[in-house]
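So the structure is just underneath, and the comments pick up after that.
Every number in this text was worked out from the coordinates using simple rules, so none of it is lab data. Model, not experiment: these values are computed from the prediction. Methodologically, a virtual Cβ is constructed for each residue, glycine included, from the backbone with ideal geometry; neighbour enumeration extends over all protein chains shown.
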Amino acid sequence: MFAVIQQQDFDQGALYKQLQQNAHNAAAGNTGAIVTFTGLVRDYNQSGNIDGIELEHYPGMTENALLSLVEQAVSRFSLTSAGAVHRVGRILNDEQIVWVGAAAPHRQAAFDAACFLMDMLKQSVPLWKKEFKGTDEKWVQVKATDDQAALKWMQKS
Amino acid sequence: MQISVKTFAQTREVCEEPQLSLTLNEGANVAEAIALLGKRSEKWALALDANVLTACNQQLCDQDTVLRSGDELALFPPVTGG
């Protein structure tokens with residue numbers, strides 16, 4: 001499994017191969033499904049167009065929190081492996097921002113784990129997003145729907 | 001005893017202190033540290049007026065958590081990654 005915080009863009013194909021190799025090393029021949037998700041920067045928010053975003057993190061804690069989340073996903077959904085990558089720093093519209101991947105013997109666990117990783121990441125990993133438009137900048141506020149999505153996983157056994 | 005304090009995102013921008021060293025009584029908890037920070041300046045009082053989360057030594061903690069000399073206490077707003 002892996003969890004990476006980085007400034008530079010990432011290569012989905014390379015991450016898929018890394019996940020597949022990790023799953024093979026952990027349990028050769030036991031992976032029947034790999035689900036991956038990639039998040040991109042939209043060019044608008046609730047009040048109009050934006051020029052891009054900037055992500056701040058807490059060096060040390062952010063990496064550990066992301067790895068802990070990946071470990072939870074592997075354990076909870078009996079995955080053969082999982083991985084997550086989140087970018088920080090300035091990111092322009094349409095660029096990739098986050099990637100999660102889950103490998104499992106069957107597809108439902110892989111789908112569920114990918115959802116779990118994204119829902120919980122938005123709630124428990126110290127990352128803060130600021131939107132830019134021209135010279136204006138604005139911190140993104142927590143959405144109630146994001147809190148509810150994470151709560152759903154906390155309430156399930 | 002002394003602890004180090006770090007701030008992030010809106011909390012950092014409003015209090016204008018990314019990090020500082022804080023002297024506390026032995027056995028003080030997070031709530032007492034926050035009360036002391038709130039008296040440092042109007043900017044700090046304003047920063048703490050918002051919803052602020054705390055982490056002790058890079059683990060999320062509540063305000064009852066007892067601090068020890070050398071601990072790193074971080075204050076930041078609810079997270080918005082993803």
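Which residues in region A:92-116 place their backbone N less than 19 Å from a point set 7 Å from the Cα of A:THR38 along the Cα-to-Cβ direction?
It comes to A:92-103, A:111, A:114-115, nothing else.
Which distance in nm do the two modelled labels at A:THR145 and A:GLN7 give, with both placed 7 Å along the Cα-to-Cβ direction?
3.3
Would you tell me the mean number of C-beta atoms belonging to other protein chains that fall within 10 Å of each C-beta in A:118-130, as a whole number? Numbers along the way, then the final one.
Values: counts 2, 1, 1, 3, 5, 5, 3, 3, 12, 6, 11, 5, 4.
That works out to 5 on average.
What 222 nm value per residue comes from the helices of chain A, counting each DSSP H run with n ≥ 4 as -39,500 (n - 2.57) and dividing by all residues, nearest 500 deg cm²/dmol?
-13000 deg cm²/dmol
Which log10 I(q)/I(0) values does region B:5-74 give at q = 0.15, 0.24, 0.28 Å⁻¹ under the Debye formula, counting every alpha carbon as one identical point scatterer?
So the normalised log intensities are -0.42, -1.15, -1.54.
Can you tell me the relative contact order of chain A? Whole percent, Cα pairs under 8 Å, sequence separation 6 or more. Please report the intermediate quantities before stating the final value.
Values: 302 pairs, mean separation 48.8, N = 157.
Here the relative contact order equals 31 percent.
Using each residue's phi in region B:65-80, evaluate 6.51 cos²θ - 1.76 cosθ + 1.60 at θ = phi - 60° and report the 3J(HN,Hα) Karplus result to the nearest Hz, with x for Gly and Pro.
4, 7, 8, 10, 3, x, 4, 10, 9, 10, 10, 7, x, x, 7, 9
Summarise the partner chain shielding of A:59-65 as one whole number: the mean count of Cβ atoms from other chains within 10 Å of each residue's Cβ. Mind showing how you got there, number by number?
Numbers: counts 2, 4, 10, 4, 1, 2, 6.
The shielding value for this peptide is 4.
Summing +1 for each Lys or Arg and -1 for each Asp or Glu, what net charge is found among the other residues whose Cβ lies under 15 Å from the Cβ of B:ALA31?
-3
With both partners inside region B:2-76, how many of the DSSP beta bridges are antiparallel, as a percent to the nearest 5?
Numbers: 13 of 17 bridges.
In region B:2-76, DSSP labels about 75 percent of beta bridges as antiparallel.
Which of the residue pairs A:LYS17/A:LYS152; A:LYS152/B:LYS6; B:LYS6/B:LYS43; A:LYS143/B:LYS39 have a Cα-Cα distance greater than 26 Å in the structure shown? Working shown, then result.
Details: A:LYS17/A:LYS152 31 Å; A:LYS152/B:LYS6 31 Å; B:LYS6/B:LYS43 15 Å; A:LYS143/B:LYS39 31 Å.
Pairs exceeding the cut-off: A:LYS17/A:LYS152; A:LYS152/B:LYS6; A:LYS143/B:LYS39.
Just to be sure I understand the model, the point goes 7 Å from the Cα along the line to the Cβ. What's the resulting B:LYS43 to B:GLU72 distance in nm?
Result for the modelled spin labels: 2.2 nm.
Could you give the spread of the C-alpha atoms of chain A along their three principal axes, from largest to smallest, in whole angstroms?
53, 34, 27
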